[in-house]
Amino acid sequence: MPASVNRQILLKSRPEGAPGLDNFELTESPTPEPGEGEVLMRIVYLSLDPYMRGRMSAAKSYATPAAIGQPMVGGTVATIVESRNPKYSVGDIVVGNGGWQDYALSNGSGLRKLDPTAAPVSTALGVLGMPGMTAYAGLLEIGQPKPGETVVVAAASGAVGSVVGQIAKIKGCRAVGIAGGTEKCRFVAGELGFHACVDHRAGDFAKQLEAACPKGIDIYFENVGGAVQQTVWPLLNDFARVPVCGLIAQYSATTPMPGPDMVSVLRKRLLLRGFIVWDFAARQADFLRDVGQWVRNGSLKYREDIVDGLEKAPASFLGMLQGKNFGKMLVRLVTEA
Ligand SMILES: NC(=O)c1ccc[n+]([C@@H]2O[C@H](COP(=O)([O-])OP(=O)(O)OC[C@H]3O[C@@H](n4cnc5c(N)ncnc54)[C@H](OP(=O)(O)O)[C@@H]3O)[C@@H](O)[C@H]2O)c1
């Protein structure tokens, strides 16, 4: 039986610069009832992702902004608790976009059933979900890694970066991570098995990065932009590839950052190509097959940073933007699933 009250975290206002807790509001409303063709989902895991910073803004982007006064948007793993849709039964576990709330309605579009015996269901929001797919498609389609090449990725302990470096290794490349702090670097080089990991907060970061990439950089998987990008740029080899995946260091900037040296883009014939994960939707079956197998046989590890309680979502989201998460950031709303 669903609870009678649905807690929701609404977008209260749009941030100027770095977002704060006052941009969110926790409210309670009656749990909705599914109409014909709909299901009611009880959300078990809510994914927190950097793209949500963009959805908080009204600025023109590839996706519609989150609406003021509406629940924040977000990927979720949920249990179907009521169904008036013949494709879904009570008890089914589904991945979809339920948003920051305890319960959500869906007409079934955009939902995918999960098999909890195949992998922990939370992985559908991380290593076997959108972030994993981003890493897989961006590295293989745009990066085109070849054995012996050097691949550098920042936010290397995170949801996307951790998968990028491990796939690079599987493809015979030298995987060099960049992460914030010694603990994350130890995890990336030790647990995940990257060949090296450099702390971008260290005073001699540039020197350390150069030492970790003795043959220069063939693929820079761009996750962060900002100061890290400026340090990486001079180390790019001729014909290097830069899958431009994310620029988290710049998402809350109020003045433009100095851009990359575009003269090098011309002189070294560098290829830069921005992408959105769903540009490669046709490769999702390949991704689930390959990464699913690598996770099951232990050649690809993943780490999750789980906090309990919907009310922790705003603070955890803001913490993630400052690097406080360690692994794929998730909120657990229900502990028994
Ligand atoms: N194009 C697409 O379709 C797509 C899809 C998914 C994700 N993305 C992008 O991929 C990137 C990584 O996303 P994720 O989900 O894997 O997040 P994540 O790495 O799990 O979490 C974000 C991490 O970014 C790092 N970071 C934050 N501010 C930074 C700064 N100023 N300089 C350097 N690093 C900083 C922090 O790690 P450290 O403490 O290690 O620095 C933080 O832990 C984001 O830019 C995101 O927008 C793009």
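All of the numbers you see were taken from the coordinates with simple rules; none came from a lab. On a predicted model such as this, the values are computed, not experimentally measured, just so you know. For neighbour counting, all protein chains shown are included, and Cβ atoms are generated from backbone atoms with ideal geometry for every residue, glycine included.
Residues Met262, Met257 in ascending order of nearby Cβ atoms (within 10 Å, fewest first): Met262, Met257. In summary, the aspartates and glutamates within cross-link reach of Lys146, defined as a Cα separation below 17 angstrom excluding same-chain residues under 8 places away, comprise Asp218, Asp238.
Looking at the chain, the DSSP beta bridges with both ends there are about 55 percent antiparallel.
Sorting Trp294, Trp100 by the number of Cβ atoms found within 10 Å of their own Cβ, with the fewest placed first, yields Trp294, Trp100.
Of the beta bridges in segment 32-191, as assigned by DSSP with both residues counted there, near 75 percent are antiparallel. Listed by chain and number, the aspartates and glutamates placed with their C-alpha closer than 18 angstrom to that of Lys113 are Glu38, Glu82, Asp92, Asp286; residues fewer than eight positions away on the same chain are left out. Charged neighbours of Ala202, selected by a Cβ distance under 14 Å, balance to 0 (K, R count +1; D, E count -1). Could you tell me whether segment 160-309 comes out rounded, prolate or oblate from its Cα gyration tensor? Rule is a ≥ b ≥ c as square roots of the eigenvalues, rounded for a/c under 1.5, then prolate if a/b exceeds b/c, otherwise oblate. Rounded shape, in that the Cα axes give a/c under 1.5. In degrees between 0 and 90, to the nearest 10, how far off the longest principal axis of the chain does helix 284-296 point, with axes built from Cα atoms? Roughly 80 degrees, rounded to the nearest 10. Does segment 276-337 come out rounded, prolate or oblate by the C-alpha gyration tensor, with a ≥ b ≥ c the root eigenvalues, rounded set by a/c under 1.5 and, if not, prolate when a/b is larger than b/c and oblate if not? Taking the square roots of the gyration eigenvalues as a ≥ b ≥ c, segment 276-337 is prolate. Applying a 4.7 Å Cβ-Cβ cutoff to the chain, the cysteines left without a disulfide-compatible partner are Cys173, Cys213, Cys245. Computed from label points 7 Å out along Cα-Cβ, the spacing between Leu105 and Arg296 is 3.8 nm. Using just its DSSP H runs of length 4 or more, each adding -39500 (n - 2.57), the chain gives a mean residue ellipticity at 222 nm of -6000 deg cm²/dmol after division by all residues. Listed by Cβ neighbour count within 10 Å, with the fewest neighbours leading, Leu26, Leu192, Leu321 appear as Leu26, Leu321, Leu192. The Kirkwood radius of the chain, taken over pairs of alpha-carbon atoms, gives through the Stokes-Einstein law at 10 °C and 1.306 mPa s a diffusion coefficient of 77 µm² s⁻¹.
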